[in-house]
Amino acid sequence: MSVLTTTAPLPPALPQAAGPACSLQRTGSLWQLGIEAQELTTAIGQLAQQLEADDEDARSQALAELEAALLAEEGNKQALAAKADATCWVIEHLRGQAAYRQQQAKRLTELSRSDAGRADALEESLVLVLTRLQPAATRFSFPNHELRSTRSTSVAIENETLW
């Protein structure tokens, strides 16, 4: 079992925008943060265009909203970076688990083969001993187990005229 630790400091709390509040709310998912980043970029572009308005009040309002949107964008970037970093940690952790489990599977496969080989060798040895004691027997019964032995006899034909 491995314990994962991090040397990175915890991210600071997201800054709160002073002035007009931004209407976009963060839900926390990586996908949603990406969508919000795109929406903020679009909103910032539109607010920047409003700065060119002839009306002083409209420019002041646009400037205040632009400042709030820029602060929200910075907070969104920090949240997006933190969420992406956390997601990268999960990916790294899952890959590490997969590698560990693959090693364990390989180790268990080797142990299984070894155990099966030892069982086969022990069974052959037992059958050899039992058939020497009872050459005609092909079935051996014990209190908790039964063992059957099949013998195959190979015949070699060396007379080429039979072919």
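Data table
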| read-out | value |
| --- | --- |
| Set 147, 130, 94: member being in contact with a strand residue (DSSP E or B) (Cβ under 7 Å, 6 or more places away or on another chain), assigned to a helix (DSSP H, G or I) and at pLDDT 85 or above | 130 |
| Set 52, 74, 124: member being of a type in the set (D, E, K, R), modelled with pLDDT under 95 and within 30 Å of residue 150 (Cα to Cα) | 124 |
| Some residue of region 92-99 being within 21 Å of residue 34 (Cα to Cα) and among the hydrophobic types (A, V, I, L, M, F, W, C) | no |
| When residues of region 27-43 are limited to those that are among the aliphatic types (A, V, I, L, M) and more than 15 Å from residue 61 (Cβ to Cβ), the one modelled with the lowest pLDDT | 30 |
| Pair list, Cβ < 8 Å and 6+ apart or interchain, from region 40-51 residues that are closer than 14 Å to residue 73 by Cα to residues that are of a type in the set (D, E, K, R) and assigned to a helix (DSSP H, G or I) | 40/73; 41/73; 44/73; 47/65 |
| Single residue of 4, 24 found to be farther than 25 Å from residue 90 by Cβ and at pLDDT below 85 | 24 |
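Here's the yes/no breakdown for (1) touching a Gly at 6+ places or on another chain (Cβ under 9 Å); (2) of a type outside the set (Gly, Ala, Ser); (3) surrounded by 15 or more Cβ atoms within 10 Å (Cβ to Cβ):
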| site | (1), (2), (3) |
| --- | --- |
| 52 | no, yes, no |
| 57 | no, yes, no |
| 78 | no, yes, yes |
| 81 | no, no, no |
| 88 | no, yes, no |
| 91 | no, yes, no |
| 94 | no, yes, no |
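The values are calculated or read from the model by the stated rules, or taken from the named source; none is laboratory data. Predicted model, so just to flag it, every value in this text is computed and none were measured. Methodologically, a virtual Cβ is constructed for each residue, glycine included, from the backbone with ideal geometry; neighbour enumeration extends over all protein chains shown.
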